[in-house]
Amino acid sequence: MGSRMKVTGLALVPPPTAADLPKVTPELLASVLARYSRSNEGLDAIMAKVDLANPEASIDRILKFVDYGHASIGGLTGGLAIALDGVSMWLAYKIFEIAQMADGQESSTRYITMDAANVPTAEELGIPADLAPRWRDIVARSFAAYHAEYARLDALAVAQPDLVRLPPDAKPAVVTRLRKNYALDRARYFIPLATRTNLGLVQTSRMWAVTVKHLDSLPHPEARAAAALIRAELVKQSPRLTRHSFAEKSYEEQSRQDLAASLSLGLVRLSAAPLADEVWVHVDRATAPFLVETQCVAEALNHRGNRYAQQGTATRRMRVSFAWNNMAIAELRDLNRHRTGHRYTPMIQAGFYLPAEITHAAHATLLTDQLALTRELMQRGSATYVYSLLLGAQTPFEHSTHGDKFIYEAELRTGMGAHFRYADHLSAALRAFFAQVPEARSWVVEGTAEPE
């Protein structure tokens, strides 16, 4: 993916068991644990037969004997940490969507370079050559709009300090930081989704193989280039299990159908006008007749000291699906990283969000030209239309999970330091949730997104 994208394997985390285990490779660890499950010898006896000076021979011998499937062994490798530098924000979003069992972090928009030079080339992304000049022009103008609005809002916050909510007795350095965050959090909707960012994830070989297989099956050149780079790093640590990480027919077909659905829906709903808020929440409390839930919601929630505390079965068994019609990609990037359940978006532009402090009319020409480029790419059936989107593009977003996870997310995303737009979305979802589970209202702590 050119000279800017870089993939690095950071570390592996073996479990703290027998004295020899910290010395083993991920694949030797997996093979030993696989053998452990087919034996009553105990771990020390199995490790005594392992030649740490020649681990490859030990791995082959054990795996041949155990005859385990690659997926079950891949899950025993421990956490393999890989960092990806210089990928687009779209690819970072996609990797988090795919790797739903990974722990990971992405560079905040507050710390990455906001400049047209910090975007992959049109050739790297696969944007049609005849549309590349228009795309580069949109990218440059979008960054210019971002910087202009940031400067204006920062100056406005200096002139009108009451615009920025501050904690009591805030020190000057805190005032400056929160003022700049106020400006950035409102100007960021002009940032191109193609902007480079960095991310790091930790997951097992099994899940890395699935992630790489999925990336390799996408139509985007950037995704396939990343798959090759990640695979090359994984081979160093888990060579046998990495052979299952290439493009596969079912992944390719589902990717093709996903793209077709996005193009069809996207062309129908394509718009630069802001989309009014709409939220949908569905709660399913059905249980098997022989496992009827006997705990009340109050008992599931009232013993918590904070949102990280354990909830009871009344909420843990409750299925909750929630969706918004107008999730700006700026917010989608973070809400997409809640790992539990399934998340889905067609990643389209069914409207364009700007906060009240910024007027659409002031940027009408840019948004009209950006919309026209997106339409042209979609009409051509090009998967690269995602790189014409800005973070203000509004798309439907759905998340299906369980009640305890929904409550945690709602409390987190309305709590201290939460972005104002997260709080709007999650507060609306909470109101819809309370309409169906009114007994939860007294125990769920809805915050006001106060600064931190």
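Read-outs throughout are calculated quantities, based only on the coordinates presented, and are distinct from any laboratory measurement. Because the structure is predicted, anything quoted here is derived from the model rather than measured. In this analysis, Cβ positions are derived from the backbone assuming ideal geometry, glycine residues included, and neighbour counts consider all displayed protein chains.
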* At most 13 other Cβ atoms within 10 Å and a DSSP loop assignment: could you name the trypsin sites (Lys or Arg not before Pro) in region 113-179 that fit? => 165
* What angle do you read, to the nearest 10 degrees and between 0 and 90, between the alpha-carbon axis of helix 132-159 and the longest principal axis of the chain? -> 70
* List, in the order given, every pair from 249/405; 6/249; 171/405; 94/236; 49/213; 49/236 whose Cα-Cα distance in the structure shown is over 29 Å. => 249/405; 171/405; 49/213
* In region 340-440, what trypsin sites (Lys or Arg not before Pro) fall in a loop by DSSP, with at most 16 other Cβ atoms inside 10 Å? -> 380
* Structure fact -> Per the Kirkwood formula over distinct C-alpha pairs, the hydrodynamic radius of region 166-275 in angstrom is 17.9
* Structure fact -> Note: residue 302 to residue 148 extended length (0.36 nm per residue) minus current alpha-carbon separation gives 50.7 nm
* Among 162, 103, what is the fewest-to-most ranking by other Cβ atoms within 10 Å? -> 162, 103
* Most positive-pole-ward Cα, 271, 308, 246, against dipole of region 227-321 from beta carbon charges -> 246
